[in-house]
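Enquirer: The following block contains the structure, expressed as structure tokens.
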């Protein structure tokens, strides 16, 4: 038996950025970049591990918006076209860099893009969910869900039905695509408030995660800190994020991704090369964007113009070194902890999946080295998922976790601050109206059912925590404001039409076409719940 | 020559129109937009369809849209919503309907509205069933007429609050107009409640093998003994409901 457990959790999520109305939509590129740079490289990691029969367990969130985009034919088609352009560009780059120190890296990209194409089209028939489902069915991944549109749940607790709408929609979609209901959920932004667990339980979910202080500052002091889960009074388990392992990867100062040999994110040929040459591969209006082809290493704390050429082999060695270091540190952590505990500690290490590959180019390699080392080089640590752990240790301490998030300062300020607080008076209004609509039209059919379901979709889309987050960070704010307003206005329009018995079918059809997410949504999930969240719960 | 002139004129007009039409395309830069100058026409379809049609007039700003529909600022209802942002700060927003204002005027006289000013009364109601008079204490915040939201620095983690929005007469008399929901600020430190309660969830998971938890803790064994055969979830401690509301 191992002395302790490591639970690696990757949270894969992007907001719903599908724009059928426009051929070249900048925000849609977020998805395409993440597919090429993160999701497909991760799929390759899991494929290689399985092929080599490496024993491992890893938890992956596929957010419902991401599943919806992965399975959308329009976006699949557009991705293939996007990738074709990239492959064309990589071919030109091979020639352009010939004889220069960048040539090896250019070949690396060319190979990466070709492999992406064959994985995307050839092996998984354009549907990446089927890849992750395969790894799940082979017993390697535990795929869990997230709130439907990544809504920030603690700021919704005045409307438990709205939280239920987010969670039920997510569980329903997840079950349809992954073939089994999720056992656990990644709460958007790791954000919890007392009472949310009651809704998770109602939806059949057995565990979630909080940031370290979410568990540490629970109503009763947890005996094992964050190194064992606690049960909420509802019986749903909460796992707390480990501080040390997070810092090693996340920290901009001490984290691995900042190593000087790793690839520099900000030197992209989309910005560096002449418009005449790069023009066809950036936005048609001449807006420079990241192409994903980057030739420099971080080099040091120097100006962007002083960066040195990237050396793939050196970077690869560093990734292996860092994986070894990470494992070494976990082993010591576990040795230390196991002296204090009467059962093996569990270390929960969650990361945004998009960190790997997109931002930290060598991240997928690091993960692969880490998993191989844990499997073959030692027997102190075993990788588990939260479900595995709960099956082995079904008795846990009971306490209510503390309202918290993994955002800056640890609570809700990022999503409730001067730049985004205006949205809540509208979001709450819409949530309240949606609940009334569901209560008044309990068995609607035909046009009414369609309008009610579309209203629920618009509400969900407006609730994405991504919009509030973007507003607080200050870049691309215009888009986030626009999305929030558009979906809210769509919702209010539908609400008016349903209430006034004057549904405009043409308009409804247009909305169903534009915002086609969650085809199987049922507005009845918004009907009044008998459950009241604890009165004293933080809103 | 005479025949050429109108043709030339037409060509010039067409070039002008093309310039006006194409220029903004090359200028659009969604990348680094200052958040304070948001709300400019975004990259949406409406825009695209307009690009296709020639601007009606040759005005220098063909991209000025008819004003986009805006969200209403008020919904014509009475509400006062309170949220706990972190252990030290609350956020409240509110709106008062015209009916409410009339009601106030009817009760306190036609001059009452203008002779009073709005005040937020922040009650500490930790651990009590608040009835309007039994708060542990309160703080008044004087706000201006046009204010409709406020960040309240309470500086007290793990306490329960509720806010009244009311009008204050010059003599200090306070009349409540709206009462918020209650919220509890999150904890900011380890709990000093050290009593432990343990739960064994049966049925949720098929337990593999023997119960692994060290038998060194007699308390757990007792707990388990108490719980065997209780609710399917094994949650039966009388302490639960109490805990939930603390």
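Rundown of residues vs (1) crowded, with 18+ Cβ neighbours inside 10 Å; (2) free of Cβ contacts under 8 Å to residues at least 60 places away in the same chain; (3) within 21 Å of residue A:193 (Cβ to Cβ), yes/no style:
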residue: B:69; (1), (2), (3): no, yes, no
residue: B:76; (1), (2), (3): no, yes, no
residue: B:103; (1), (2), (3): no, yes, no
residue: B:108; (1), (2), (3): no, no, no
residue: B:121; (1), (2), (3): yes, yes, no
residue: B:127; (1), (2), (3): no, no, yes
residue: B:131; (1), (2), (3): no, yes, no
residue: B:162; (1), (2), (3): yes, no, yes
residue: B:170; (1), (2), (3): no, yes, no
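Enquirer: Taking the condition under 28 Å from residue A:159 (Cα atoms), at the interface with another protein chain (Cβ under 9 Å from one of its Cβ atoms) and assigned to a strand (DSSP E or B), does residue B:75 pass? If you could, list the steps in order and put the result at the bottom.
Expert: Details: under 28 Å from residue A:159 (Cα atoms): yes; at the interface with another protein chain (Cβ under 9 Å from one of its Cβ atoms): yes; assigned to a strand (DSSP E or B): no.
Answer is no for this residue.
Enquirer: Which condition number in (1) over 30 Å from residue A:53 (Cβ atoms); (2) touching a strand residue (DSSP E or B) at 6+ places or on another chain (Cβ under 8 Å) is the one that residue A:433 fails?
Expert: Checking residue A:433 against (1) over 30 Å from residue A:53 (Cβ atoms); (2) touching a strand residue (DSSP E or B) at 6+ places or on another chain (Cβ under 8 Å), the one that fails is (2).
Enquirer: Please determine whether any residue of the range A:347-364 is buried (at least 24 other Cβ atoms within 10 Å of the Cβ), more than 24 Å from the chain's Cα centre (by Cα) and modelled with pLDDT of 95 or more.
Expert: Checked against the condition, which is being buried (at least 24 other Cβ atoms within 10 Å of the Cβ), more than 24 Å from the chain's Cα centre (by Cα) and modelled with pLDDT of 95 or more, the range A:347-364 yields no hits at all.
Enquirer: Kindly indicate the residue of the range A:206-258 that is assigned to a helix (DSSP H, G or I) and within 14 Å of chain B (Cβ to nearest Cβ) and also nearest to residue A:6 (Cα to Cα) among those meeting that condition.
Expert: A:212
Enquirer: Tell me the residue from A:38, A:65 that is at pLDDT 95 or above, under 30 Å from residue A:347 (Cα atoms) and touching a helix residue (DSSP H, G or I) at 6+ places or on another chain (Cβ under 8 Å), please.
Expert: Details: A:65 fails: touching a helix residue (DSSP H, G or I) at 6+ places or on another chain (Cβ under 8 Å).
The conditions single out A:38.
Enquirer: Shifting gears a bit: Is one or more of the residues making up the range A:70-84 modelled with pLDDT of 95 or more, within 18 Å of the chain's Cα centre (by Cα), more than 14 Å from chain B (Cβ to nearest Cβ) and not in a helix (DSSP H, G or I)?
Expert: So far as the range A:70-84 goes, yes, one or more of its residues are modelled with pLDDT of 95 or more, within 18 Å of the chain's Cα centre (by Cα), more than 14 Å from chain B (Cβ to nearest Cβ) and not in a helix (DSSP H, G or I).
Enquirer: Yes or no: the range A:178-201 includes at least one residue that is within 10 Å of chain B (Cβ to nearest Cβ), out of contact with any strand residue (DSSP E or B) (no Cβ under 6 Å at 6 or more places or on another chain) and within 27 Å of residue A:323 (Cα to Cα).
Expert: Within the range A:178-201, none of the residues are within 10 Å of chain B (Cβ to nearest Cβ), out of contact with any strand residue (DSSP E or B) (no Cβ under 6 Å at 6 or more places or on another chain) and within 27 Å of residue A:323 (Cα to Cα).
Enquirer: Report the residue count in the range A:437-455 for those that are surrounded by 15 or more Cβ atoms within 10 Å (Cβ to Cβ) and within 33 Å of the chain's Cα centre (by Cα). Write out each step before concluding.
Expert: Taking the range A:437-455 and keeping what is surrounded by 15 or more Cβ atoms within 10 Å (Cβ to Cβ), we get A:437-438, A:441, A:444, A:448-455.
From what is left, the residues that are within 33 Å of the chain's Cα centre (by Cα) are A:437-438, A:449-455.
Residues that pass the stated criteria total 9.
Enquirer: On to the next question. Does the range A:374-416 hold any residues that are surrounded by fewer than 20 Cβ atoms within 10 Å (Cβ to Cβ), over 19 Å from residue A:350 (Cα atoms) and more than 7 Å from chain B (Cβ to nearest Cβ), and which are they?
Expert: Listed by number, the residues that qualify are A:375, A:376, A:377, A:378, A:379, A:380.
Enquirer: May I pose another question? Taking the options A:2, A:73, A:15, name whichever one is touching a strand residue (DSSP E or B) at 6+ places or on another chain (Cβ under 6 Å), surrounded by fewer than 20 Cβ atoms within 10 Å (Cβ to Cβ) and over 28 Å from residue A:279 (Cβ atoms).
Expert: Values: A:73 fails: touching a strand residue (DSSP E or B) at 6+ places or on another chain (Cβ under 6 Å); A:15 fails: surrounded by fewer than 20 Cβ atoms within 10 Å (Cβ to Cβ).
None of the other options fit; the residue is A:2.
Enquirer: In the range B:86-112, what count of residues is obtained for those that are closer than 21 Å to residue A:430 by Cα and facing chain A (nearest Cβ under 8 Å)?
Expert: Within the range B:86-112, residues that are closer than 21 Å to residue A:430 by Cα and facing chain A (nearest Cβ under 8 Å) number 3.
Enquirer: Answer yes or no as to whether residue A:513 is at the interface with another protein chain (Cβ under 10 Å from one of its Cβ atoms), in a helix (DSSP H, G or I) and in contact (Cβ under 8 Å) with a residue 60 or more places away in the chain. Give the derivation first.
Expert: Working: at the interface with another protein chain (Cβ under 10 Å from one of its Cβ atoms): no; in a helix (DSSP H, G or I): yes; in contact (Cβ under 8 Å) with a residue 60 or more places away in the chain: yes.
No; evaluated as a whole, the condition is false for this residue.
Enquirer: When you check residue B:140 against the structure, is it touching a strand residue (DSSP E or B) at 6+ places or on another chain (Cβ under 6 Å) and more than 14 Å from every other protein chain (Cβ to nearest Cβ), yes or no?
Expert: yes
Enquirer: Right, next: Taking the stated definitions as given, is residue B:185 within 14 Å of chain A (Cβ to nearest Cβ) and closer than 19 Å to residue B:83 by Cα? It would help to see each step written out before you state the result.
Expert: Numbers: within 14 Å of chain A (Cβ to nearest Cβ): yes; closer than 19 Å to residue B:83 by Cα: yes.
When the stated conditions are applied, residue B:185 passes them.
The values are calculated or read from the model by the stated rules, or taken from the named source; none is laboratory data. The structure presented is a predicted model; accordingly, all values stated were derived computationally and were not measured. All Cβ positions, glycine included, derive from the backbone under ideal geometry; neighbour counts span all protein chains shown.
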